[in-house]
C-alpha cells in the first residue's frame with residue numbers, strides 16, 4: 001500500500017513539474033500582435049488546470065479522510081456500544097470539519113476561475 005501511495009505521489013509531483021514545459025510556447029513562432037492573446041490563452045489554460053487539480057486533490061483527500069473516520073468510528077462503536085453516542089457526536093463534528101476543507105478548496109478553485117474571467 002505504501003509503495004502504491006508513493007508511486008502516485010511521485011507521479012503527481014512529476015506532472016506538476018512538467019506542466020509548465022508542456023504548456024510552454026515557442027517564442028520564435030509568436031508574432032508581436034499575437035503574443036498578448038497567446039499568453040492570455042496560456043494563462044487561462046494554466047488557471048483551469050490549477051482549479052481542476054485543486055478541487056480534484058481536495059475531493060480525493062476528503063473522501064479518504066471521511067472513509068477512515070467512519071471506519072474507525074464503526075470499530076469504536078462495535079467494541080464499546082455504550083460509548084456509541086459520544087463516538088457518533090465526535091464523528092459528525094469531525095466529518096463537518098473534513099468537509100469544510102473541500103468547500104475551501106472549491107472556493108479557491110472558483111476564485112482562480114473568476115480571476116481569469118472564465119466562470120462569471
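A few points about this structure:
- Pairs of Cα atoms nearer than 8 Å and 6+ residues apart set the relative contact order; for region 39-115 it is 53 percent.
- With q set to 0.29 Å⁻¹, the log10 of I(q)/I(0) for region 70-120, from the Debye formula over equal scatterers at the Cα positions, is -0.97.
- Take each peptide in 90-97, 6-13, count the other Cβ atoms within 10 Å of every residue, and average; sorted highest first, the result is 90-97, 6-13.
- Once Rg and the Kirkwood radius are both taken over the C-alpha atoms of region 39-115, their ratio Rg/Rh works out to 1.25.
- The simple spin-label model puts a point 7 Å past each Cα toward its Cβ; for residue 13 and residue 53 those points are separated by 1.4 nm.
Here, each number is a calculation from the coordinates, and none is a lab measurement. Note that the coordinates shown come from a computational prediction; the quantities given were computed from them, not determined experimentally. Glycine gets a Cβ as well: all are built from the backbone with ideal geometry, and neighbour counts include every protein chain shown.
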